[in-house]
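Accompanying notes for the structure given below.
The values are calculated or read from the model by the stated rules, or taken from the named source; none is laboratory data. All figures in this text were calculated on a predicted structure; none of them were measured in a lab. Note that we place each Cβ from the backbone using ideal geometry, even for glycine, and neighbour counts take in every protein chain shown. The accessibility values were calculated without ligands, DNA or RNA, using every heavy atom of the protein model including side chains. Shrake-Rupley method; radii C 1.70, N 1.55, O 1.52, S 1.80 Å.
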Protein chains: 2
Amino acid sequence: VTTSSDDLRPIRWEEGRLRLLDQTRLPAEERWLEIPDAETMAEAIRSLRVRGAPAIGLAAAYGLAVEAARAVAEGMTGRALAARLDAAGRLLAATRPTARNLFWALEALARERQAWGEAGEDPAALARRFLERALALHRDDLECSAAMAAHGAALLPTGCEVLTHCNTGALATGGGGTALGVVRAAFQAGRISRVWATETRPLLQGARLTTWELDRLGIPHTLIVDSAAAFLMKQGRVEAVLVGADRIAANGDVANKIGTLALAWHARTAGIPFYVVAPLSTFDPALPDGAGIPIEERGVEEVVGWGGVRTAPEGTAVWSPAFDVTPAAYLTAIVTERGVISSVSKKGVARLLDRG
Amino acid sequence: VTTSSDDLRPIRWEEGRLRLLDQTRLPAEERWLEIPDAETMAEAIRSLRVRGAPAIGLAAAYGLAVEAARAVAEGMTGRALAARLDAAGRLLAATRPTARNLFWALEALARERQAWGEAGEDPAALARRFLERALALHRDDLECSAAMAAHGAALLPTGCEVLTHCNTGALATGGGGTALGVVRAAFQAGRISRVWATETRPLLQGARLTTWELDRLGIPHTLIVDSAAAFLMKQGRVEAVLVGADRIAANGDVANKIGTLALAWHARTAGIPFYVVAPLSTFDPALPDGAGIPIEERGVEEVVGWGGVRTAPEGTAVWSPAFDVTPAAYLTAIVTERGVISSVSKKGVARLLDRG
C-alpha cells in the first residue's frame, strides 16, 4: 500500500482545531488528540506523543498559536496577554533541551510578535500572525523534506540496502521526512531494495514507528536490535547508513538519537558511507562544536520495563541519555534542503549556511 | 550484601534430584524447576531457562545423566538402553547450535559410555558414571571460574570502571562466572569501582540477570541500553570491556552474544582494552576461524514485543542472530583457566592449548 505524503502528517490544523497523532500509541492504535492550549502541547512534547526535531519545532509553533488564539478569545490584551504568551513560550521551550528546531520555531514566532508590536496591531492580529507563521513553517517543512529527499536520493547507488536509526520519516517532521524521506524517494527511484531498521531502545521508535511508516509505503524492511548493526555491516549487507539530527554545531558535530555515534563508528570501521539528513533549522551555528549541545537524560523507567512489565530489579541505577554526539569527522555528508555538505567541517558548514 | 559463590549456583544436584533455576523468571521470581529427564532439560535449554555457554554444557551433562538413571530404573538394558541414550543425546545436542561447551560436555559423557562398554559393566554403572562425570564437570567448572577470575583480575588497574555485556556470571556457569567472575574478583581486590551493564536485547540478560547478580554481590553498577556504550566510551568512563564467549575458533575469532562485535569495534575506536574470558571448553580448535561457527537465529517474537505487549506492527520481518563473531584482531587478550592469551592469533591459541 503506497500512501501519499499527506496521509502521514502527524500534526494538523483542520477546521479551526489543532490535532496531533499520539505516537506513544503507535503501532497498536492511531489515536488523535485535540490540542487546545500550550500546556497540553508541552505535555505532548515532553511525553514524546510528538517527537523528531522538525516535528517538535512545528508542534511548539502551533502550540503557541493556539494559546494566543485562546487568550485573545478570552479578551486578554496588553501586559496580561504579553505575560501569558511569555509563560507559554517558556513552558514550550523547557519541554526538551536538545532539538535545535524547537527554539528555532519559537524564535520565528517571537519575531512575529516583535513585528506585530512595531505595527501597533490589535490582539486578534497577533493570533492570526502566529497561526499563519505556524502554517508557513509547516509548508516550508514539507518543501524542505522534498528537497532533502531529492538531494539525498541522488547520493545512493541503484538497488542498495540501507540502514536507518530511530524514526526520521513523516512522523518526525511535518509529514515528509529527513533520513526516511530520502529513503522513500530513493526507493521510488529504484535506488533502495531494502531498509534495515534498528529498533532504537529505549522507546523503540524504530520498531514502532519506522516499521509502521515503511509498511504503509510498501518499502521492504527488516527490524534488528540496535546491537546487531555491527554484525550486519560486517556481512556486507548495508551499503549506506542514513540518520537524522536534533542539533548540528558550527563544525558539523551532530547530536542525534542515542546509538547514532555507535552506527557512525561502525560505518567507519566497515567502510560504509554515513549520511546525516537535516534541514537548516537543525543547525546551531552559535555553538562551535558538539561539546556545547545540551543532552537530555531520560528517566529510569523507560529502560527498566515496558508496558508495565518490569525487567530490571527495583532500585537499579540507569544512565539514559536520549541523544549522543557524533564528531563531524565520522560523517560522509550532511544532506540539507539547500544541498549537500560533502566535506563536513566548520568551513563546509559555513559555506552552505552563507549561501542563503 | 555479599553472597558466597555457592548461593548463586543455577543448577544443583541435591538429594537425588536435579534442580534448575528458571532464569526466564528473573529478577521477578526465583523459581526452581525439577528436571526429571533429558526432554525437560532440552526444553529448558531451548527456552533459555538455563543459558550461558558453560551452564548449557553442564545442563546437557546433567540432563543426560538423569535420563540414564531413569532408563536404568525402568529396567532398560542393551539395545533399548543404547537407543534411548542416543536419542536423548541427539535431543540435547540439537537445542542450541553455537555454544561449544554443549558439545564438549556431551562428548565427555560419550567417552564415559565408551569406557563403560569396554569395561563390560552393568546398566546401573553407566548411570553412576554419567552422574559422577556431570558432577566432576561441575566441580571443574567452579575451579575454572576461580582460575579465570584470578588471571583476569590481575589485568585491571586499581579502581577502574568496566563495561560488560549480557550475563557471564554465576548464572551463566556452574556458579562462578567468566567475565563477571573476573569482575567479582577484581571488585574484591579493589580494582573495580563500577560496572556498566548493557541491557542486552532482545532477551535482556544484562538488565535482568547481571544487575541481579551485581546487586547481590554489592558491586556498584549502572544499566545502559546497548546503543549507549559508544557514547559512554567516548566520554572516557570505561577503562576495560569484559565479555564471555560461546565458541572460540583456532585463530581466536570469538562467537558471543549479539552486540559483542559492536563493543569490540567501539573499544578499538575508543582505545580501550577488550577482554574475552572463557574456559578451554569453549575453544573449538577444529574450526580454523569464526566463519565456520554456526550462528543461531532466534524467533521474531523475541524482538517485536515484551511480556505480551506487542511493539512492532504485525508481520514485521526480523533478523535476530543470537550471536555475532568478533575477529581475533579486535581482542586485547583471552583469559582462560590455564592463563592469558595476550597475542590472540592461531599461534597464541595453539601455544596455550598445547600447554595442557
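Here are the numbers for this structure:
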read-out	value
Hits in the stretch A:32-51 (condition: of a type in the set (D, E, K, R) and surrounded by fewer than 21 Cβ atoms within 10 Å (Cβ to Cβ))	A:Glu34, A:Asp37, A:Glu39, A:Glu43, A:Arg46
Residue satisfying all of: in the stretch B:273-297; crowded, with 19+ Cβ neighbours inside 10 Å and within 14 Å of another protein chain (Cβ to nearest Cβ); farthest from B:Ala61 (Cα to Cα) among these	B:Phe274
Selection count where residues are open to solvent by 20 Å² or more (accessible area, probe 1.4 Å), out of contact with any helix residue (DSSP H, G or I) (no Cβ under 8 Å at 6 or more places or on another chain) and either in contact (Cβ under 8 Å) with a residue 40 or more places away in the chain or on the phi > 0 side of the Ramachandran plot (or both), scope the stretch B:216-235	1
Which listed residue, of B:Glu297, B:Glu213, is modelled with pLDDT of 95 or more and under 22 Å from B:Met148 (Cα atoms)	B:Glu213
Residues located in the stretch A:302-329, provided they are in contact (Cβ under 8 Å) with a residue 60 or more places away in the chain and assigned to a helix (DSSP H, G or I)	A:Glu302, A:Ala328
Residue selected from the stretch A:151-203 under the condition touching a helix residue (DSSP H, G or I) at 6+ places or on another chain (Cβ under 8 Å) and at positive phi, by the criterion nearest to the other protein chains (Cβ to nearest Cβ)	A:Thr200
Condition check for A:Thr40: closer than 26 Å to B:Gly305 by Cα and under 22 Å from the mean Cα position of the chain (by Cα)	no
Residue identified as surrounded by fewer than 20 Cβ atoms within 10 Å (Cβ to Cβ), of a type outside the set (Gly, Ala, Ser), touching a strand residue (DSSP E or B) at 6+ places or on another chain (Cβ under 7 Å) and under 30 Å from B:Gly307 (Cβ atoms) among A:Val318, A:Val309, A:Val303	A:Val309
Total residues in the stretch A:85-114, condition of a type in the set (Lys, Arg) and surrounded by 18 or more Cβ atoms within 10 Å (Cβ to Cβ)	3
A:Thr282 being over 25 Å from the mean Cα position of the chain (by Cα) and farther than 21 Å from A:Arg208 by Cβ	no
B:Phe323, sole failed condition from (1) within 24 Å of B:Glu107 (Cβ to Cβ); (2) open to solvent by 30 Å² or more (accessible area, probe 1.4 Å)	(2)
Filter result for A:Thr24 (more than 26 Å from A:Arg128 (Cβ to Cβ) and assigned to a helix (DSSP H, G or I))	yes
Flag for B:Thr332 being touching a residue at least 40 places away in the same chain (Cβ under 8 Å), closer than 25 Å to A:Ala267 by Cβ and surrounded by fewer than 23 Cβ atoms within 10 Å (Cβ to Cβ)	yes
Failed item, numbered, when A:Ile258 is tested on (1) β-branched (Val, Ile, Thr); (2) without any contact (Cβ under 8 Å) to a residue 40 or more places away in the chain; (3) within 7 Å of chain B (Cβ to nearest Cβ)	(2)
In the stretch B:23-51, the residues that are within 14 Å of another protein chain (Cβ to nearest Cβ), in contact with a strand residue (DSSP E or B) (Cβ under 8 Å, 6 or more places away or on another chain) and charged (D, E, K, R)	B:Glu30
Answer residue from the stretch A:67-84, given it is part of a helix (DSSP H, G or I) and among the charged types (D, E, K, R) and is most open to solvent (accessible area, probe 1.4 Å) among those	A:Arg79
The one condition in (1) more than 9 Å from chain B (Cβ to nearest Cβ); (2) more than 21 Å from A:Arg247 (Cβ to Cβ); (3) of a type in the set (A, V, I, L, M, F, W, C) that A:Val309 fails to fulfil	(1)
Any hit, the stretch B:335-356, residues being part of a helix (DSSP H, G or I), within 14 Å of chain A (Cβ to nearest Cβ) and out of contact with any Leu (no Cβ under 6 Å at 6 or more places or on another chain)	no
Residue check, A:Gly206 out of contact with any strand residue (DSSP E or B) (no Cβ under 6 Å at 6 or more places or on another chain) and either more than 8 Å from every other protein chain (Cβ to nearest Cβ) or open to solvent by less than 10 Å² (accessible area, probe 1.4 Å) (or both)	no
